[in-house]
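Enquirer: Below is the structure I would like to discuss, written out as structure tokens.
What follows draws every value from the coordinates through simple rules; no lab data is involved. Computed from a prediction, not measured in an experiment: that's the story for all the values here. Note that each Cβ is placed from the backbone with ideal geometry, even for glycine, and that neighbours are counted across all protein chains shown.
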Amino acid sequence: MNINQQSSKAQDRTLSVWFQKLQNGEIKLPRFQRFQAWDKKRITSLLETITYNLPLGVTLLLEVDEEKFISRYLETAPKTGVKVNEHLLDGQQRLTSLWRSMHNNYDTETYFIYIPDFDKEDDGISNENMMAYCQGRWFKKEKKYPLWADSPSACFKKGLIPVNLLKPADIRKEIDEWITKAVSSLEPTDKQDPDFVEKFISFNETKNKLDKKITELREIISHYNLPFLSLPTSTPKDIALRVFINMNTNTKPLSLYDVIVAEIESVKGVSLHDLQHQLNEEYPKIAGYFQIEQLILATSALLQDKIPNNAGMLEMSKEKVVDNWNLLQNGLHKMTSFLANEGIYNRQILPTNAVLAVVAALYRYIPETLDERGKAEILLKKYVWSAFFTDRYENSAASRAFKDFTNLKNIILKNHKENGLPYHEDDVPALNRELHAISDIDFLTKTGWPKRENIRARAIMCVASKLGSHDFSDGQKLTLDNLANRDYHHIFPKAILQEINVNPNLALNCAIITSSTNKSLGGKAPLQYIKEKYNVFDEKTIKFRLQSHLIPTDRLTEIEEYTDSDGNYLKRQFEFFIKERAALVKEAATQLCEGMSITTASILSKNTEVSLERRELDEEVSKIELATRKLIADKLPGVHHNGIIHINPKIVESASRKYESFLRKNPGEERESPLSLRLILNNLTLSEYKDILISGSNWGFFEDVYGTKGNVLNRYTQLGTMRNKLRHDNVLTTVERKDGEAAIEWFNKCMIDYIN
């Protein structure tokens, strides 16, 4: 038999036999083989392939009677010292990954098989594929974290079975122990419970179901066929090396789509490739949003009420994929029209592709009557913008999309829950603000450049697109037809900000304008190019165009200089600009997530209302500051009295520094020395007032006003927090605002004699 004859015949070998040979030390690697290089993603993909019993490529062995190459054992495989009879030329990555994952000897990761039926946690595991799952591990104080990964009961609640329980080996005792611990919390103990028997039966059913599932998986893995080609011992060393190189450079595994194409061909005699081609021809805009193959598979899965991940796609009926083709085609077409109406034209500005299949599949259930369709599309609008402006799809996108889809469908179909109540928007996690709040202003200010795949960054651009996003020069709205000719423009020039060590690549510093306009602006400061535009167009026109991007024009036109010695002026102005634009975007996002139709005017007017509220709060704080000064001046004997120092020298020193700064800026003012109590108080902060009030013997002068020191500490802290946020144009959280307003109310009551 020559080499060609030998190598042309693939031989079967189950995974259990491979593992036995590795355990015995009968297989080694030539030393020139690279060490394991596969990452977590490839390993989980491999585990999924085997668990679903899908084919892998053929491995390549070199039979040996004496070792032609210096060799080594597979990483972590036993070093038995027995005679080696096979060198593994190709397949090292697969076998090493399987061996290590199934023996759980990775320091930084542990692998599981995810079983959705056992998952008792709301959103499941953060795993896109939902079959094989990798949990990162780390050590802290000699303990391996997270602790739950080694807890059978915690794993079971998450629907996870450790891969090491599935390795081809006699580990029945280990499996039984794990199962017992996994379901221990479900075992009823109170025999007096009237439902004890029923609960015990349910417990045993769950235990048996788990045992059965593990057994099924072990059978699949143990008998999984990993075929190999074998080169005879007579193969020259150089030939073996050449074959190794060719095997490792010319292979290309089948994709999931390729597998499903083949399955459909076999059961329906229809080419999915042909259907896809027709879809592209009739509705070319669909492919502009995402890979058409993935959209077809994900939408098909949802139309069959399957999770739009690898597991769901493999599980779905291939006959129904073809039977549902018209529904799929219609849904995808309507999805593109819907998104275009929302100003989202293609993948370039699409925040997350998780919504695409959901919207497309939901059109199967949306009535054609105008009113009902209009009502349903408001619901879609709430969903899509909530997906963009919350953390809902930061991970576990497929499982979360399925859950949102299911409950959105229930709302559209007016279905009722088991308790008889109709499904409500709060049943859709993406629409439930307690689960997924809309991004706050502080988060938006830190959001990065939208050209990258950043959900919130692109969402910000989508808001501008929804409002028209007019070009600064020609005034044309952003559309699908001109999107390709638009640039991502830095509103505050990149070079200017980098000179003062400020990150210019923020979504809120970006506007999508035409390439020609972007080039004409160059590195000009905003005030400069706005004034230039005023000379060509009227001020109203330019403001309209800028504001269509939710750019706060007043802030830009108030900036008078872009060069200062330390750059602090520009830094402050840029921060103010970003915060003001963030507030506008937040208001727009809030309205869109409520299904409202937005206009630039409505957003700007709402923001004006917010600004007025902040000014009113600031005035209230100022009244209390003045009242506190009056109170201290009225009740405190003086800085020094009867040998007692009533004000900490450090506070006096702080006031003195501020007073000296005031005199330098106002040289005509007459100096007061020593500083009076009045002048000291005029140069202190709320925090320093608080310290004076509660200091030593001072408290006796103020106790009748405030009641307890605890009141003073708490209320002045609340007021100070709100004051600092208001004075520095920072974002007030809901809690901070409520605490501040409560503090104002309290001060108005207890200091009524001092507040005007």
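Enquirer: Could you rank the peptides 704-716, 322-334 by their average count of other C-beta atoms within 10 Å per residue, with the highest value first?
Expert: 322-334, 704-716
Enquirer: Another question, if that's okay. Can you order the peptides 71-77, 681-687 by their average number of other Cβ atoms within 10 Å per residue, highest first?
Expert: Top to bottom by mean Cβ count within 10 Å: 681-687, 71-77.
Enquirer: In terms of modelled amide H atoms, which long-range or inter-chain residues lie less than 5 Å from the amide H of L74?
Expert: HN-HN under 5 Å from L74: L29.
Enquirer: Given the C-alpha atoms of the range 256-431, compute the convex hull and give its volume per residue in Å³.
Expert: 120 Å³
Enquirer: Another one. Among the lysines in the range 611-750, how many pairs, 8 or more places apart or on different chains, have alpha carbons under 15 Å apart?
Expert: Close lysine pairs under the 15 Å cut-off: 7.
Enquirer: Taking square-rooted eigenvalues a ≥ b ≥ c of the alpha carbon gyration tensor, is the range 658-742 rounded, prolate or oblate, where a/c under 1.5 means rounded and, failing that, a/b exceeding b/c means prolate?
Expert: oblate
Enquirer: What number does the range 451-598 give for Rg over Rh if you use C-alpha atoms and the Kirkwood radius?
Expert: Looking at the range 451-598, the ratio lands at 0.95.
Enquirer: Another question, then. Taking a virtual spin label 7 Å from the Cα of R614 along the C-beta vector, which residues in the range 479-514 bring their backbone nitrogen under 12 Å of it?
Expert: none
Enquirer: Can you tell me how much longer the chain between N326 and K519 gets when fully stretched, taken as 0.36 nm per residue apart minus their C-alpha distance, in nm with one decimal?
Expert: In short, 64.9 nm is gained.
Enquirer: Now for a separate question. For N415 and K658, what is the calculated FRET efficiency with R₀ set at 56 Å and r taken between the beta-carbons, to the nearest 0.05?
Expert: It comes out at approximately 0.25.
Enquirer: Can you give the helix-only mean residue ellipticity at 222 nm for the chain, where every DSSP H stretch with n ≥ 4 adds -39500 (n - 2.57) and the sum goes over all residues, rounded to the nearest 500 deg cm²/dmol?
Expert: About -16500 deg cm²/dmol.
Enquirer: Using the structure shown, list the pairs from K40/K381; K79/K209; K531/K579; K477/K531 with a Cα-Cα distance above 31 Å, or answer none.
Expert: Check vs 31 Å cut-off fails for K40/K381; K79/K209.
Enquirer: Search the structure for amide H atoms under 5 Å from the amide H of K158, placed 1.01 Å from N in the peptide plane, and list their residues when 5 or more places away or on another chain.
Expert: For K158, the qualifying residues are K120.
Enquirer: Rounded, prolate or oblate for the chain? Axes are the square roots of the Cα gyration tensor eigenvalues, ordered a ≥ b ≥ c, and the cut-off for rounded is a/c under 1.5.
Expert: Judged from the Cα gyration tensor, the chain comes out prolate (a/c at least 1.5, a/b above b/c).
Enquirer: Using a Förster radius of 41 Å, what is the FRET efficiency between H277 and L527 based on their Cβ-Cβ separation? Nearest 0.05, please.
Expert: It comes out at approximately 0.15.
Enquirer: Another one. If you count, for each residue, the other Cβ atoms within 10 Å and average over each peptide, how do 83-90, 466-473 line up from highest to lowest?
Expert: Ranking the peptides 83-90, 466-473 by packing returns 466-473, 83-90.
Enquirer: Give the calculated FRET efficiency between N724 and L626 to the nearest 0.05, with a Förster radius of 22 Å applied to their Cβ-Cβ distance.
Expert: Efficiency at R0 = 22 Å is approximately 0.80.
Enquirer: Note down the nm distance, to one decimal, between modelled labels 7 Å out along Cα→Cβ at R347 and at S676.
Expert: 7.4 nm
Enquirer: If each of M596 and H424 carries a label point 7 Å out from its Cα toward its Cβ, how far apart are those two points in nm?
Expert: Those two pseudo-labels are separated by 2.2 nm.
Enquirer: Figure the gain on full extension for N204 and T76 (residue separation times 0.36 nm, minus the Cα-Cα span) and round it to one decimal in nm.
Expert: Between N204 and T76, full extension yields an extra 42.3 nm.
Enquirer: Turning to a different aspect of this structure: Long-range amide H contacts for L89: which residues qualify at under 5 Å (H placed 1.01 Å from N, peptide plane, sequence gap of 5 or more or a different chain)?
Expert: L60, L61, L62
Enquirer: Also: Suppose the chain between I752 and A495 were pulled fully straight at 0.36 nm per residue; how much longer would it get relative to their current alpha carbon spacing?
Expert: Gain on stretching I752 to A495: 87.1 nm.
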